[in-house]
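Values quoted throughout were computed directly from the atomic coordinates according to the rules given, and no laboratory measurement underlies them. Keep in mind that this is a model prediction, so the values were computed, not measured. In this analysis, Cβ positions are derived from the backbone assuming ideal geometry, glycine residues included, and neighbour counts consider all displayed protein chains.
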Amino acid sequence: MSPNRSSGFSLVEILVGVAISLIGMVVMFQTMQNWEGRKRTTLSGSDAQVSGSIAMFNIERDIKMAGFGFGSAAEMGCTVKGYDATRASGAGAVIPDFGMIPVLITQGASGAPDTVTVLYGNGATAAAGLPFINSTATTKIANNADGLKPGDQFIAADSGGNCALFETITNPAGVGAIVTHVTGSYTNYQGATVNARYNKAGDGMGIGVGLGGVLYNMGTTPRLDVWRVAGGRLGVANILANETASDVAEGVVNFQAQYGFDRDIVGAAGYGFIAATVNAGGDAEWLPTATDATVPATAAEWRRVLAIRAALLVRSQQYEPLLNSPNPGWAGGNFVMMNLDGSAGTTNPNDATNWRRYRYRVYETVIPLRNVGWGAS
């Protein structure tokens, strides 16, 4: 064959083809990189949304139960003493003192996450208090204690502000029922033999109350739930049952809450602690707990806390190449931001732990305290 009829590519043509291919590969890889970054951002945002929704749902459900069993208590706010036989003897088996308060907000220092404590019972009957007329170290003589079952725990409160937690052992029906709370085993309402857990022999812990007062039925498994944020996770623990904290949601970096006070009674005797903070118009005043002046101090004041406003700040796990906007906020103000390593917030763009390199979602709601509102009405 003639050499002039030979076919193929010249070196120049091959080099041009390789250059075009390289440009195409660069474009494809750049597109894939952008797509992958957007996918990670979207997925991390979805994870934050799921975590925030689950966390707020559980908090809201818990707070809605607050005050069940004592929502109308005239002794609300008293310090409850108790005993738990299952606790380590080195600590004296004493339950840490707690307030007979539906919701207690403990303010975090310098914008740190708040701690919220929620108390409620699960009694099937006797949502109202049961008056008692006599008290010993092991018995309470109630006017009528038909609502208490063996195995129910109850808070006994006297007119002097003394409150204590006990476990019902026997409960004869009728007027003048002697409610017994001794140690040892007993047969509960389900017919099972169990050991008394919350009674102290001879009242040696000094958790007795006066000769007269009111019994508040807390049911067989009352809860004193403590909600707090630690290590980027929202956890809860039932202090009465001596539980360790269990994680509810991850990616939660801050938790803020405020009391919602009923303003209809502002100016009445006993409510001066909120008079100076009232603004014109509206039915409620939202107050933080930055100082003692904004925390209720009497039973009457506690009964005017009819709602809780809560906000969660949730962070995505995806590092972003661009800095985000300034501090996210909620109805109570802007959150105080911290870097991922726990240091104070910084705007250094080269710092991989900079809080502004991540996306945030705020979940906020107002939760009515139904049991307090119904009790007050």
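Taking Lys and Arg as +1 and Asp and Glu as -1, the other residues whose beta-carbon sits under 14 Å from that of Gly160 total -1. Applying 1/(1 + (r/R0)^6) with R0 = 25 Å to the Cβ-Cβ distance of Asn334 and Ser53 gives a FRET efficiency near 0.65.
I need the shape label for the stretch 94-165. Rule: rounded when a/c is under 1.5, else prolate if a/b > b/c, else oblate, with a, b, c from the alpha carbon gyration tensor. Because a/c hits 1.5 or more and a/b exceeds b/c, the stretch 94-165 counts as prolate.
Straight-line cross-link partners of Lys200 among the aspartates and glutamates, defined as a Cα under 20 Å from its Cα and at least 8 positions apart when in the same chain: Asp84, Asp97, Asp152, Asp158, Glu167. Net length available on complete extension from Asp97 to Asp341 is 84.4 nm, with 0.36 nm assigned per residue and the Cα-Cα distance removed.
Take the Cβ atoms of Thr298 and Gln33, set R0 to 45 Å, and the FRET efficiency comes out at 0.10.
Computed packing ranks the peptides 209-217, 163-171, 242-250 as 163-171, 209-217, 242-250, most packed first, by mean other Cβ atoms within 10 Å.
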